[in-house]
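Report on the structure given below.
What follows draws every value from the coordinates through simple rules; no lab data is involved. Since this is a predicted model, take the numbers as computed values, not measurements. Because the Cβ atoms are built from the backbone with ideal geometry, glycine has one as well, and the counts that use them run over all protein chains shown.
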Ligand SMILES: Cc1cc2nc3c(=O)[nH]c(=O)nc-3n(C[C@H](O)[C@H](O)[C@H](O)COP(=O)(O)OP(=O)(O)OC[C@H]3O[C@@H](n4cnc5c(N)ncnc54)[C@H](O)[C@@H]3O)c2cc1C
């Protein structure tokens, strides 16, 4: 596969005015291996709506579902491309009780035990909503139970992981400690020194998840309009929101901005400079042979992530392929350069030297997506301006939490009081000198590479 010619240059939120319409889907394993029946809507863009949701990923679709089902609102979802085109069809499908980059111990240290418990409760609610979407999907999202292994990638990382284990006893008592010997029953790798096993996490097919929520939202009465990017947005003096798209203009009483890492830099001044869009990349290999699976000692359905600052993660897919992910390029125009797939392949080869032959082949699939990183490591669900509501900044961990966050931002738009938790109490902080965000990102990547080889 020639990666440089297989996919056109990627949309870049910090450079391009708009992500659509009619951009092709990512060349992803999920796109090729999922038969998806999306809800169809041939309806024309209405001139007015009570609420418009911008972006049809998990956040926007869950917001639309909540608005239509619980509040019987007239809701129109505008998506720049196909439904679920952004991260929600591109991710690795790790469903875990988390978002952002802070664990329970970090939350307890920053905000106290009560807040950490409240966050734990929110994660439980997010899993309940995910379970609902799983039940609504005839293929049950192709769920792969087996839990998540957080693996110390070096001997030096073991003591930090062990201290995390001690802190977790309060919150996740089912978590197990696996020393090197115990871990060898799960995986054979020179980069596996000890691990935490979280039994309740699972793998899923992200496209099936997006489709499940989209179908439920459409059945509840939400109007989903694809290939309808918001190109201009004007907040009028009367408080209403005027949105211009290639299909015409729509005036809304309220807008929920659910464009997350794909938000064009200048779409609306109220959110400008408050998130860093970061490319995350994934490759999928050909199916492993029985001998290869035996050699790496990894045959189960576990999700695996390591302890690096810039993490690598992997899982075996139902058809025996290996999915392996990590950071991508910094700029959209570089995303599809072979170097980035090669970088991941080299990391895979270091994780499993037994797979030298596999790693000398081109991967069967390689793709990237924009995640939204918040300056202080956790997302916000808030109102950045009158009649505008948003939820973004999941820092690359949104498969589970967006199921709740979409509902929460809808509740906020309907005037409900949200729980007194940091997610809901402040705006996303603005990056200092936002025009230099990528310089800072580059410097961070250099530091992380030096720190966590
Ligand atoms: C490679 C990769 C792997 C990942 N793996 C995991 C994982 O295993 N587990 C996990 O928890 N998280 C993972 N994530 C993150 C997770 O996918 C996201 O947090 C989640 O999908 C965010 O959903 P969303 O609806 O907020 O945003 P998105 O799904 O990105 O949706 C935003 C949508 O807004 C649309 N849009 C943008 N601008 C406009 C406009 N002007 N007008 C109309 N529409 C617009 C876009 O087209 C897009 O479809 C991964 C992400 C990537 C890229």
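Structural remarks
- In this simple spin-label approximation, residue 167 and residue 266 carry label points 7 Å from Cα along the Cα→Cβ vector, and these lie 4.2 nm apart.
- Summary of packing: across the peptides 404-412, 17-25, 56-64, the per-residue average of other C-beta atoms within 10 Å ranks them, highest first, as 56-64, 404-412, 17-25.
- At full extension, residue 44 and residue 132 could sit 28.6 nm farther apart than now, given 0.36 nm per residue minus the alpha carbon distance.
- Label separation (residue 414 vs residue 120): 2.9 nm, computed from points 7 Å beyond Cα along the C-beta direction.
- Arranged from fewest to most other beta-carbon atoms within 10 Å of their beta carbon, 414, 392, 96 become 414, 96, 392.
- Förster-model FRET efficiency, 25 Å R0, residue 342 and residue 435, C-beta, rounded to 0.05: 0.25
- Prolate/oblate/rounded label for segment 104-178 (Cα gyration tensor, a/c 1.5): oblate
- Hydrodynamic estimate: the Kirkwood radius of the chain over Cα pairs, inserted into Stokes-Einstein at 20 °C and 1.002 mPa s, corresponds to D of 96 µm²/s.
- Packing-based exposure ordering (other Cβ within 10 Å, fewest first) of 238, 179: 238, 179
- Mean Cβ neighbour count within 10 Å, used as a protection proxy, ranking 107-114, 262-269, 366-373, 429-436 highest first: 366-373, 262-269, 107-114, 429-436
- Axis angle, to the nearest 10 degrees, between helix 113-135 and the longest C-alpha principal axis of the chain: 80 degrees.
- Sorting 307-314, 288-295, 81-88 by their mean Cβ neighbour count within 10 Å, with the most densely packed peptide first, gives 81-88, 307-314, 288-295.
- On Cα atoms only, tilt of 338-351 relative to the major axis of the chain in degrees: 40
- For residue 33 and residue 176, the difference between the fully extended length at 0.36 nm per residue and the C-alpha to C-alpha distance is 48.1 nm.
- Length-normalised contact order of the chain in % [C-alpha pairs under 8 Å, at least 6 apart]: 25
- With contributions of -39500 (n - 2.57) from each DSSP H run of at least four residues, the per-residue ellipticity at 222 nm computed over the chain stands at -9000 deg cm²/dmol.
- Extension gain for residue 139 to residue 357 (0.36 nm times residue separation, less C-alpha to C-alpha distance): 75.1 nm.
- Degrees between helix 158-168 axis and first principal axis of the chain (Cα, 0 to 90, nearest 10): 50
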